[in-house]
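Engineer: What follows is a single structure, and I will ask about it in a moment.
The values are calculated or read from the model by the stated rules, or taken from the named source; none is laboratory data. What you see is a predicted model, and the numbers here were worked out from it, not measured in a lab. Every residue, glycine among them, receives a Cβ derived from its backbone with ideal geometry; neighbour counts consider all protein chains shown.
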């Protein structure tokens, strides 16, 4: 028996550590080896005073973890899949897509606020915090009278800023709130948004295990893969890549598998939410690979390709 520890790289936030410990727990059930966590700080963790869209998103939360894999310091990195670029270098691969958590976004309000899951009902001038151009664009499309304000930091930091009165509401991924049990706190109100009303980020709610692209490393983690999640998130990532990749594009996507068919609903917006095009519901058989190509053709026909720039 190989008694060498499997080393998992992770960022140091509370949510990242929850995800890494979740992978560790699952891995210990299928591998007869110890598992260790290695905490690594990334550029995205260290630059908190600049909006994400201004510092560039590529590799912002992944580069240092990838370097640790190349250097042999870790065997794999645990990521929120939405942080992984769609044009990942061939040196690396996703060895396992864990079963997806909630794909929803959520509005979070301070205790005592008049909370609502309907963005149209937020009062004029309501200050809403988000660092996501996708969330910002969808919020402004649904309610152009709110005031958008950038927010950075981990979930704890963002919620504290809300409680301190810097924002009237903040918009976050429901999966992170659920994993850290923020949805059970009594000092905030969490209103989850339907993914068909407010479309999630590509691969939202999915935890991925990234490794070097070789059979030995992949085999360590492949038993944790959830095939239905893999099919959905890979299709979403294919669409994002066709749109130009990266989180600077206001693209929302909701997909699911029903009766052996993909069902995909998407929205592509301008950053101010004034222009948008709905791309769904689109369906395809699981073996059909033309869905994304058809969507891109439809964008050109409808004269909306400029939203990709």
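Engineer: Where residues in region 91-115 are more than 23 Å from the chain's Cα centre (by Cα) and assigned to a loop (DSSP other than H, G, I, E, B), which of them is surrounded by the most Cβ atoms within 10 Å (Cβ to Cβ)?
Structural biologist: Only one residue fits best here, namely 115.
Engineer: Sticking with this structure for a sec: Check residue 197 against each of (1) under 23 Å from residue 118 (Cβ atoms); (2) at pLDDT below 95; (3) under 17 Å from the mean Cα position of the chain (by Cα) and name the one condition it does not meet.
Structural biologist: (3)
Engineer: What number of residues in region 127-147 are surrounded by 18 or more Cβ atoms within 10 Å (Cβ to Cβ) and in contact with a strand residue (DSSP E or B) (Cβ under 8 Å, 6 or more places away or on another chain)?
Structural biologist: Of the residues in that region, 13 qualify.
Engineer: Restricting attention to region 212-264, which residues are touching a residue at least 24 places away in the same chain (Cβ under 8 Å) and assigned to a loop (DSSP other than H, G, I, E, B)?
Structural biologist: Answer for region 212-264, where residues must be touching a residue at least 24 places away in the same chain (Cβ under 8 Å) and assigned to a loop (DSSP other than H, G, I, E, B): 213, 225, 226, 243, 244, 245, 246, 247, 248, 249, 250, 260.
Engineer: Counting just the residues of region 235-260 that are surrounded by fewer than 16 Cβ atoms within 10 Å (Cβ to Cβ) and touching a strand residue (DSSP E or B) at 6+ places or on another chain (Cβ under 8 Å), which one comes out modelled with the lowest pLDDT?
Structural biologist: 260
Engineer: All but one of (1) within 16 Å of the chain's Cα centre (by Cα); (2) more than 17 Å from residue 278 (Cα to Cα) hold for residue 218, so report the exception by its number.
Structural biologist: Here residue 218 meets the rest and fails (1).
Engineer: Follow-up question, since we're still on this one. Take region 192-211 and flag every residue that is surrounded by fewer than 19 Cβ atoms within 10 Å (Cβ to Cβ) and closer than 23 Å to residue 16 by Cα. Quick ask: steps written out before the conclusion?
Structural biologist: Taking region 192-211 as the starting set, the residues that turn out to be surrounded by fewer than 19 Cβ atoms within 10 Å (Cβ to Cβ) are 192, 194, 196-197.
Of everything in region 192-211, just one residue is surrounded by fewer than 19 Cβ atoms within 10 Å (Cβ to Cβ) and closer than 23 Å to residue 16 by Cα, namely 192.
Engineer: Do you know which of the residues in region 56-72 that are in a loop (DSSP other than H, G, I, E, B) and touching a strand residue (DSSP E or B) at 6+ places or on another chain (Cβ under 8 Å) is modelled with the highest pLDDT?
Structural biologist: 62
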